[in-house]
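First up is the structure itself, then whatever we jot down about it.
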Ligand SMILES: Nc1nc2c(ncn2[C@@H]2O[C@H](COP(=O)(O)OP(=O)(O)OP(=O)(O)O)[C@@H](O)[C@H]2O)c(=O)[nH]1
Ligand SMILES: [Mg+2]
């Protein structure tokens, strides 16, 4: 083999190695979905999203306006837009619903009856909102580590989910303290 042939052979090997290492093509893209996360202030939206993003849920501060987190799962990425739940922010929630493909509503299961009533009214409005009423809806009964926490059944009987016809609603309980708490109820 002439020198030229050897050079060509090495270049070809080089090309094959390059192709094997670098040209496998990008890994298949995970689908991304845009979700909106709502609930009264203190219900635990930021804590939940921090935990799902493997960030420390300690030292969270109340969300003024909104914040977006990309939550990675094995088969999909959920781009979750949390809307702050303080009294003066809630009236603007509906301005941020457009484009959502699913809803997470976080409840403080151990809140006072008055706060639960306020949460129930907000939940009812969200369930009936034209931009949300056909979307998959997760109601997350948070603060389950507290002794005063209500069960999913108790909350469900009072949460007006009967307002939704034909759209999937899932109620699940959770706590930032313990994982996989309680049961899951699908409608
Ligand atoms: N015990 C207990 N505390 C929780 C739980 N989830 C959140 N908290 C605490 O509740 C407080 C409020 O939590 P956040 O995650 O900031 O609540 P938020 O819904 O994002 O509130 P806004 O951003 O104001 O709408 C924090 O001190 C959290 O540590 C829970 O499941 N159990
Ligand atoms: Mg928050």
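Exactly one residue among 94, 54, 112 is surrounded by fewer than 18 Cβ atoms within 10 Å (Cβ to Cβ), over 29 Å from residue 30 (Cα atoms) and more than 16 Å from ligand 2 (Cβ to nearest atom), and that residue is 112. Restricting attention to the stretch 57-71, the residues that are surrounded by 13 or more Cβ atoms within 10 Å (Cβ to Cβ) and away from ligand 2 (no atom under 13 Å from the Cβ) total 1.
Candidates are the residues of the stretch 29-51 that are farther than 15 Å from residue 107 by Cα and in contact (Cβ under 8 Å) with a residue 24 or more places away in the chain; the one that is nearest to ligand 2 (Cβ to nearest atom) is 51.
Taking the conditions exactly as written (free of Cβ contacts under 8 Å to residues at least 60 places away in the same chain and buried (at least 16 other Cβ atoms within 10 Å of the Cβ)), does residue 133 satisfy them or not? Taking the combined requirement at face value, the residue satisfies it. Taking each residue of the stretch 102-117 that is under 10 Å from residue 39 (Cβ atoms) and looking for partners that are in a helix (DSSP H, G or I) and within 15 Å of ligand 1 (Cβ to nearest atom) with beta-carbon atoms closer than 6 Å, six or more apart or interchain, yields 105/123; 106/45; 107/119. When the helices (runs of 4 or more DSSP H) confined to the stretch 67-158 are screened for residues that are at pLDDT below 90, those reaching at least 1 such residues are found at 113-128, 152-157. So in the stretch 22-41, with the set limited to residues that are over 12 Å from residue 83 (Cα atoms) and either within 6 Å of ligand 1 (Cβ to nearest atom) or in contact with a strand residue (DSSP E or B) (Cβ under 8 Å, 6 or more places away or on another chain) (or both), which one is modelled with the lowest pLDDT? This residue is 30. For residue 46, the conditions (1) part of a strand (DSSP E or B); (2) within 14 Å of ligand 1 (Cβ to nearest atom); (3) buried (at least 16 other Cβ atoms within 10 Å of the Cβ) all hold with the exception of (1).
The values are calculated or read from the model by the stated rules, or taken from the named source; none is laboratory data. Just so it is clear, the structure is predicted and the values come from calculations on it, not from any experiment. As a convention, Cβ positions derive from the backbone with ideal geometry for all residues, glycine included, and neighbour counts pool all protein chains shown.
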